[in-house]
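Taking it in order: structure first as structure tokens, then the write-up.
The values are calculated or read from the model by the stated rules, or taken from the named source; none is laboratory data. Since the structure is predicted, the reported quantities are computational estimates derived from the model, not experimental observations. All Cβ positions, even for glycine, are placed from backbone atoms using ideal geometry, and neighbour counts span all protein chains on display.
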Amino acid sequence: MERVLVIEDSRVVQAQLQDILQERYRLVISGDGPKGIAAALEEPPDLILLDIYLPEMDGYAVCRALKEDARTREVPIVFITSLGSDEEKVRGFEAGADDYIVKPFYAGELLARVGLHLASRRERRLALEVERLKLLREMAVALSHEINNPLTAILGRLHLAERALGEGNRAAREQLTEVRAELEKIRQIVDRLASASRDARTGYLLGEEMIDLHRI
């Protein structure tokens, strides 16, 4: 279940948000800015609902602090405010906010906006994961080539050593046989790395393709 951090000092609004969101999301509620920042840094949430007018530290300052920290920089922040002026929205976006919800909010709108930002965050994470897997695949292919060249040379020299040894020195021949068996294991590993170069793509209508991540 995705985690939503609510930074809001009004008990009434806290109760409203709980009533609307608690069945779909895991809620964590904080009543002021410093505690909200601490909660976000301790366990970064998937989304933050942030009131602008808070005691001790206003929402703009809280938003800037969270966007400046690498641990929470990518977490979507949605301001909750009783005012919807253009000036206020500009200040919020300049502080790093991703969206606005004006009080009094409606359950349908709140759920839609929260769902939209969480879905967008999931898509970004998936895109990053796909890029990471592609990079790993490229590294695996490059590594397989780097290992394969000296491995081929070693196997060739091993073959020459076995021929030169002939039928004599049984103990030495047994050692060479064990060396060959271990080298064959390495070759199998290299072959599996090389197979990562195949994307395992599945074709769909309109030219769309999907990559099987399990085969990258």
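Annotations for the structure displayed:
- When region 28-47 is filtered for residues that are in contact (Cβ under 8 Å) with a residue 40 or more places away in the chain and touching an Asp or Glu at 6+ places or on another chain (Cβ under 9 Å), the ones remaining, listed by number, are 45, 46, 47.
- Taking the conditions (1) surrounded by fewer than 17 Cβ atoms within 10 Å (Cβ to Cβ); (2) out of contact with any Leu (no Cβ under 6 Å at 6 or more places or on another chain) in turn, residue 9 satisfies each one other than (2).
- Screening the candidates 108, 115, 96 for the property of being among the small types (Gly, Ala, Ser) and under 21 Å from residue 37 (Cβ atoms) yields one hit, 96.
- Flag for residue 107 being crowded, with 19+ Cβ neighbours inside 10 Å and modelled with pLDDT of 90 or more: no
- Residue in region 120-135 that is free of Cβ contacts under 8 Å to residues at least 60 places away in the same chain, closer than 29 Å to residue 185 by Cα, of a type in the set (A, V, I, L, M) and not assigned by TED's automatic domain parsing to the domain that holds residue 75 present: yes
Yes/no per residue for (1) surrounded by 13 or more Cβ atoms within 10 Å (Cβ to Cβ); (2) of a type in the set (Phe, Trp, Tyr); (3) under 30 Å from residue 49 (Cα atoms):
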site	(1), (2), (3)
97	yes, no, yes
115	yes, no, yes
122	no, no, yes
126	no, no, yes
130	yes, no, yes
167	no, no, no
174	no, no, no
188	no, no, no
193	yes, no, no
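- Under the condition of being over 25 Å from residue 19 (Cβ atoms) and either in contact (Cβ under 8 Å) with a residue 60 or more places away in the chain or of a type in the set (Asp, Glu) (or both), the residues counted in region 94-119 number 1.
- Region 42-72 - residue that is out of contact with any strand residue (DSSP E or B) (no Cβ under 9 Å at 6 or more places or on another chain) and aliphatic (A, V, I, L, M) and, of those, surrounded by the most Cβ atoms within 10 Å (Cβ to Cβ): 65
Yes/no per residue for (1) crowded, with 19+ Cβ neighbours inside 10 Å; (2) modelled with pLDDT of 95 or more; (3) of a type in the set (Gly, Ala, Ser):
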{"position": "32", "(1), (2), (3)": "no, no, no"}
{"position": "40", "(1), (2), (3)": "yes, yes, yes"}
{"position": "74", "(1), (2), (3)": "no, no, no"}
{"position": "77", "(1), (2), (3)": "yes, yes, no"}
